[in-house]
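Worksheet: one structure, shown below.
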Amino acid sequence: MLIKKRYQNYNSVDLYEENGGRIVRKRFKEKFCWENETKTLEILKKHGFPIPRIIKIDYLENTYEFIDEPSFNKTLDLQPEKVNILIGLLNSFSNIYSEELYRFTNRNERLIKESEKLFDKRKIDLFLFNKLTKLAYSYKPEFLGFTHGDFRPVNIFGKDDVRAIIDTEFCGIDDPNKDLAYLWIGAVGINKYFNHYVKEKFRNLNYFNDDLFTFWLAYFHIMVMNNPRTKNSKMWKKNLEQILS
């Protein structure tokens, strides 16, 4: 029985209930996302990282199904301190290496291009556009390594440990500060203290950089504001202005 249907920019996700269990069916409309997700799952498994329990895969339809489990999002609502488990997972990402991993480039150009779209639509003014352009030109990553690309608590299954890493279509070699920014944004809804706590934990990581972290916070906001499915662009713009102030 279908419980929920959710469309994303690059795929659709259906949640089913069958025989008392819950099954996720993920279908990709972008070939790159399908190929990168399935390839990354194989690499993660090879390096000893937990992946979802896959029960069916169809390479012709770019679709696969896996067992749904509670995410860390629910865990952090009750026990914010368990974010340390996710930070530990980020640390262990440095052990992942494969020539097959996709290498992301031109992040500066992408931020400028997406900012131009918002400026043309009059969703941001010239002052904010110039700030974003300056931020883009100053972005120079100091370290590259494996990144998840959408590292939010909802994309990690588990409670007291990590049971599975899901949504791997944007995994690859990139700036690890990207994952920190996505985790920080994904944790915003818990409380302000929690966000402060998380950022202090980030400072203990050898690759954390305030300027790079700010770049990725802005990048994420710009992508969300350009997404036609976003319902509250004004809120995201206000948050972006605070980040860049």
Checklist entry - Scanning the stretch 95-130 for residues that are of a type in the set (D, E, K, R) and without any contact (Cβ under 8 Å) to a residue 12 or more places away in the chain, which turns out surrounded by the fewest Cβ atoms within 10 Å (Cβ to Cβ)? => result Glu99
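Here is a yes/no grid of residues against (1) of a type in the set (A, V, I, L, M, F, W, C); (2) surrounded by fewer than 14 Cβ atoms within 10 Å (Cβ to Cβ); (3) more than 22 Å from the chain's Cα centre (by Cα):
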position: Lys26; (1), (2), (3): no, no, no
position: Leu41; (1), (2), (3): yes, no, no
position: Glu81; (1), (2), (3): no, yes, no
position: Leu90; (1), (2), (3): yes, no, no
position: Phe93; (1), (2), (3): yes, no, no
Checklist outcome for this item: Phe66 meets each of (1) surrounded by fewer than 18 Cβ atoms within 10 Å (Cβ to Cβ); (2) farther than 30 Å from Phe143 by Cβ with one exception, condition (1)
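So which residues in the stretch 144-157 are surrounded by fewer than 21 Cβ atoms within 10 Å (Cβ to Cβ) and in a strand (DSSP E or B), if there are any at all?
Gly145
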Checklist entry - Would the stretch 70-79 turn up any residue that is in contact with a strand residue (DSSP E or B) (Cβ under 9 Å, 6 or more places away or on another chain), open to solvent by 40 Å² or more (accessible area, probe 1.4 Å) and polar (S, T, N, Q)? => result yes
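Filter the stretch 158-168 down to residues that are in a loop (DSSP other than H, G, I, E, B) and more than 10 Å from the chain's Cα centre (by Cα) and give me whichever is nearest to Ala218 (Cα to Cα). Don't jump to the end; show me each part of the working.
First pass over the stretch 158-168, keeping only residues in a loop (DSSP other than H, G, I, E, B): 159-161, 166-168.
Now drop any that are not more than 10 Å from the chain's Cα centre (by Cα), which leaves 159-161, 166.
Working: Lys159: 30, Asp160: 32, Asp161: 30, Ile166: 24 Å.
Per the criteria, the residue is Ile166.
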Next on the checklist: Given the criterion of a type in the set (A, V, I, L, M), open to solvent by 30 Å² or more (accessible area, probe 1.4 Å), over 25 Å from Tyr219 (Cα atoms) and touching a Gly at 6+ places or on another chain (Cβ under 9 Å), identify the matching residue among Ile85, Ile51, Ile57.
Outcome noted: Ile85
Item to check | Selection count, the stretch 98-143, where residues are closer than 20 Å to Pro176 by Cα and part of a helix (DSSP H, G or I) | outcome: 9
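Report yes if Ile166 is touching a Pro at 6+ places or on another chain (Cβ under 6 Å), open to solvent by 10 Å² or more (accessible area, probe 1.4 Å) and β-branched (Val, Ile, Thr), otherwise no.
Yes; evaluated as a whole, the condition is true for this residue.
The values are calculated or read from the model by the stated rules, or taken from the named source; none is laboratory data. Remember, predicted model here, so these are calculated numbers, not experimental data. No Cβ is skipped: glycine too gets one built from the backbone with ideal geometry, and neighbour counts run over all protein chains shown. Side chains are part of the model used for accessible areas, which takes the heavy atoms of the whole protein and leaves out ligands, DNA and RNA. Shrake-Rupley method; radii C 1.70, N 1.55, O 1.52, S 1.80 Å.
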